[in-house]
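Asker: Just dropping this structure here.
Bear in mind that the values in this text are calculations on the coordinates, not laboratory data. Note that the structure is predicted; figures quoted are calculated from it, not measured. Here the Cβ positions follow ideal geometry from the backbone for every residue, glycine too, while neighbour counts run over all protein chains shown.
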Amino acid sequence: MVPKYRVALIAFAVCFGLDRLSKSLVVDSLSYTDRVPVLEGFFYLTHVRNAGAAFGLLADADASWRLGFFVGVSVLAVGVILVFLRDLEANDRLSGLALGLIMGGATGNLYDRFRYGEVVDFLHFRLWSGYSWPDFNVADSCIVVGVGILLLELLASEGERRAPPKPDDSSV
């Protein structure tokens, strides 16, 4: 198997598998809206549902429209990821890893939308002055890490492209 596909498939499987396992444990172990302190005052395990997108966007939209919209966006995103993956160089493992993580996260949350009509979130952080970061899950984390890898890789390649040419040693 081509290295980029192997890495992407492994990243996808690990992300999707960990997401499903963690959400199943939360659904089976915690009542809806439970908050279990892991590090009191900072990190909690919760059981909440998000009918919307990131930060609850569109959560109040009509349920039948919302589900169709999010399914369509997810399917489109997976299609775009597969095109990007196909166009990578065969040995571009880092981009393959990033795309596999993003695809695993997108399909993990898509699975929730089909199963529950909303996404299960369970990681809750309280930050400074009582500010709470919106609850999230493993799929969301994989998407963020994948996008971060792609951005870092883009910045690194842009820096290489803009760097002044190295002197030619053969002319000395």
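Asker: So what's the net charge close to TYR5: Lys and Arg +1, Asp and Glu -1, counting the other residues with Cβ under 13 Å from its Cβ?
Answerer: Every neighbour counted, the sum reads +1.
Asker: Where does the charge balance sit around TYR111 when Lys and Arg score +1, Asp and Glu -1, over other residues with C-beta under 9 Å from its C-beta?
Answerer: Net charge around TYR111: +2.
Asker: Which value, to two decimals, describes the C-alpha radius of gyration of the stretch 3-159 once divided by 2.2 N^0.38 Å?
Answerer: Cα Rg divided by the expected 2.2 N^0.38 Å: 1.11.
Asker: Taking the Cα centre of the stretch 3-159 as the origin and placing charges on Cβ (Lys, Arg +1; Asp, Glu -1), which of LEU97, PRO3, ALA77 is farthest toward the positive end of the dipole?
Answerer: About the Cα centre, the residue reaching furthest to the positive side is PRO3.
Asker: Test of understanding: what is the full-extension gain from ALA13 to MET1, defined as 0.36 nm times their sequence separation minus their Cα-Cα distance?
Answerer: 2.7 nm
Asker: Would you tally the net charge around GLU153, using a Cβ to Cβ cut-off of less than 12 Å, leaving GLU153 out, and scoring K and R as +1, D and E as -1?
Answerer: -2
Asker: A further question on this structure: How many nm separate the modelled label positions at GLU158 and VAL73, each set 7 Å beyond the Cα in the direction of the Cβ?
Answerer: Rounded to a tenth, the inter-label distance reads 2.4 nm.
Asker: How much length would be gained if the chain were fully extended between ARG35 and LEU94, taking 0.36 nm per residue of separation minus their Cα-Cα distance, in nm to one decimal?
Answerer: My answer for the length gained is 17.6 nm.
Asker: Subtract the Cα-Cα distance of LYS166 and PHE43 from 0.36 nm times their separation in residues, and report this length gain in nm to one decimal.
Answerer: The LYS166-PHE43 span can extend by a further 39.4 nm.
Asker: How about the stretch 74-172: which chymotrypsin sites (Phe, Trp or Tyr not before Pro) there lie in a loop by DSSP and see at most 14 other Cβ atoms within 10 Å?
Answerer: Here the sparse-neighbourhood loop sites are TYR131.
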